[in-house]
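Step one of this worksheet: look at the structure below.
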Amino acid sequence: MREGLVMERIPISGPSITQREIDYVSEAVKNAWYSNANIYNERFEKAFAGYLGVKYAVALPSCTSAIHLSLLSLGVGAGDEVIVPELTWIATSAPISYVQATPVFADVDEKTWCLSADSFEKLITPRTKAAIIVDLYGNMPDMDAIRDVARRREVALIEDAAEAIGSEYRGRKAGGFGETGVFSFHGSKTLTTGEGGMLVTDRDDVYNRSLFLRDHGRKPGERMFWNTEIAYKYKMSSMQAALGLAQLERIGELLRAKRQIFSWYQSRLGRVKGITLNYEAPHTRNTYWMVTAVVDKEFGLTKERIIDLMREKAIDCRPFFYPLSSIPAYENSEQARIARTRNHYAYRTSLYGLNLPCALNMSKDKVEYVCDVFVSILKR
Ligand SMILES: Cc1ncc(COP(=O)(O)O)c(C=O)c1O
């Protein structure tokens with residue numbers, strides 16, 4: 001496919017759905033009721049925990065609810081501080097405010113674009129209760145260094161692996177590096193249930209507390225309508241669980257497709273001067289949820305301008321996340337005010353970064369077309 005041809009828009013992201021997914025969801029619609037109501041949720045949770053190599057997995061309506069339950073289960077509340085990296089979706093930090101704690105915005109590492117261990121350590125105070133590490137765009141931070149800081153300074157880690165299913169650090173899967181790990185199955189994600197999320201943990205207390213909190217303050221099997229606390233209704237439907245199970249059975253294929261799409265981009269853009277693509281450290285396996293390019297400021301183009309020009313050619317891109325401390329939601333946050341002048345790498349990376357189309361239906365031809373347009377925009 002080349003410029004000038006009439007063609008459909010190229011979306012930024014989207015799933016791969018086969019007959020297996022259709023069959024499982026149809027089967028759930030027909031049969032997952034009465035005494036079988038929970039059957040797909042149980043299968044999905046068990047298979048997910050097995051895939052990750054963790055003890056427990058709890059299926060939830062979203063990753064946001066998984067972060068909320070993680071904070072609650074770890075006892076984070078009013079007066080506590082929780083460290084988050086600047087470059088992430090607000091879903092990582094919003095639940096910190098749900099529990100009346102304060103988000104503290106840390107800088108990212110220049111290469112991985114994930115939480116910098118150094119920035120993390122510097123921001124720890126006696127009020128720091130937890131940190132949420134983000135596996136951004138499928139990459140992973142320097143887990144050895146971060147876990148060392150967390151252990152020495154007694155800070156609980158929550159791993160936001162929303163974007164990183166199947167990624168690995170020293171052979172261990174993303175999501176298994178904190179007290180809890182959380183995943184998103186939003187329609188844009190590599191493994192989707194339309195909307196949905198998962199909380200994983202090895203801790204019995206966190207698992208039991210999560211089950212209790214997601215069912216309006218009632219332990220599984222406890223007396224009906226006799227709730228002992230005011231809590232939440234955070235459950236995944238069996239149709240979503242069936243879809244998730246089918247997707248999980250195809251996870252190897254989905255991850256190979258993501259890495260293939262990135263490798264097509266890399267072979268076209270990897271040697272173009274002034275373009276930096278997603279990084280993969282030697283001991284990390286990046287699953288490239290979002291192919292991302294950071295361009296040199298010498299091109300004289302902001303990410304917004306590039307995105308507008310790409311859109312004119314029927315190519316949908318997304319801006320790199322804006323630093324959380326820069327967005328209006330945190331306008332009145334004292335922590336954000338301080339972070340704005342401190343977190344240089346996050347601010348620099350975000351300014352010239354954008355996500356390129358990497359839906360699971362991308363072909364080599366389409367990637368080449370996107371690359372041709374992108375390079376011609378930068379070099380005009
Ligand atoms: C890093 C990160 N954290 C959390 C979320 C929230 O996921 P959900 O939309 O399932 O609540 C997302 C979703 O895009 C995300 O990218």
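The values are calculated or read from the model by the stated rules, or taken from the named source; none is laboratory data. Every value quoted in this text rests on a predicted model; they were computed, and no experiment measured them. We place every Cβ from the backbone using ideal geometry, glycine too, and count neighbours over all the protein chains shown. Protein only, heavy atoms only, side chains kept; ligands, DNA and RNA dropped before computing areas. Shrake-Rupley method; radii C 1.70, N 1.55, O 1.52, S 1.80 Å.
Suppose we filter the range 186-206 for residues that are surrounded by fewer than 20 Cβ atoms within 10 Å (Cβ to Cβ), more than 12 Å from the ligand (Cβ to nearest atom) and not basic (Lys, Arg); how many remain?
Within the range 186-206, residues that are surrounded by fewer than 20 Cβ atoms within 10 Å (Cβ to Cβ), more than 12 Å from the ligand (Cβ to nearest atom) and not basic (Lys, Arg) number 3.
If you scan the range 118-135, which residues turn out to be within 16 Å of the ligand (Cβ to nearest atom) and touching a residue at least 60 places away in the same chain (Cβ under 8 Å)?
The one that is within 16 Å of the ligand (Cβ to nearest atom) and touching a residue at least 60 places away in the same chain (Cβ under 8 Å): 132.
Within the range 152-161, can one find any residue that is without any contact (Cβ under 8 Å) to a residue 12 or more places away in the chain and either in contact with a Pro (Cβ under 8 Å, 6 or more places away or on another chain) or charged (D, E, K, R) (or both)?
Our first condition is that a residue be without any contact (Cβ under 8 Å) to a residue 12 or more places away in the chain; within the range 152-161, this holds for 152, 154.
Imposing the further condition that a residue be either in contact with a Pro (Cβ under 8 Å, 6 or more places away or on another chain) or charged (D, E, K, R) (or both) reduces the set to 152, 154.
Among the residues of the range 152-161, at least one is without any contact (Cβ under 8 Å) to a residue 12 or more places away in the chain and either in contact with a Pro (Cβ under 8 Å, 6 or more places away or on another chain) or charged (D, E, K, R) (or both), which makes the answer yes.
Restricting attention to the range 78-93, and to residues there that are out of contact with any helix residue (DSSP H, G or I) (no Cβ under 7 Å at 6 or more places or on another chain) and farther than 18 Å from residue 290 by Cα, which single residue is farthest from the ligand (Cβ to nearest atom)?
Checked the range 78-93; the qualifying residue farthest from the ligand (Cβ to nearest atom) is 79.
When you look at residue 177, is it among the aromatic types (Phe, Trp, Tyr) and more than 14 Å from the chain's Cα centre (by Cα), yes or no?
Numbers: among the aromatic types (Phe, Trp, Tyr): yes; more than 14 Å from the chain's Cα centre (by Cα): yes.
Taking the combined requirement at face value, the residue satisfies it.
Residue check, residue 47 against (1) open to solvent by 30 Å² or more (accessible area, probe 1.4 Å); (2) more than 19 Å from the chain's Cα centre (by Cα); (3) more than 16 Å from residue 183 (Cβ to Cβ), all met but one. Which one?
(3)
Kindly evaluate residue 323 against the criterion of being modelled with pLDDT of 95 or more, at negative phi and open to solvent by 10 Å² or more (accessible area, probe 1.4 Å).
No, not satisfied.
Checking the condition farther than 25 Å from residue 134 by Cα, modelled with pLDDT of 95 or more and not in a helix (DSSP H, G or I), which residue from 354, 301, 360, 309 passes?
Only one candidate passes the filter, namely 301.
For the range 207-245, which positions are in a loop (DSSP other than H, G, I, E, B) and within 16 Å of the ligand (Cβ to nearest atom)?
214, 232, 234, 235, 236, 237
Taking the stated definitions as given, is residue 369 more than 29 Å from residue 253 (Cα to Cα) and not in a loop (DSSP other than H, G, I, E, B)?
no
For the range 210-234, how many residues are open to solvent by less than 80 Å² (accessible area, probe 1.4 Å), under 24 Å from the mean Cα position of the chain (by Cα) and not polar (S, T, N, Q)?
Count: 5.
Please go through the range 20-44 and pick out each residue that is within 25 Å of the chain's Cα centre (by Cα) and open to solvent by less than 30 Å² (accessible area, probe 1.4 Å).
Result: 21, 40, 41, 44.
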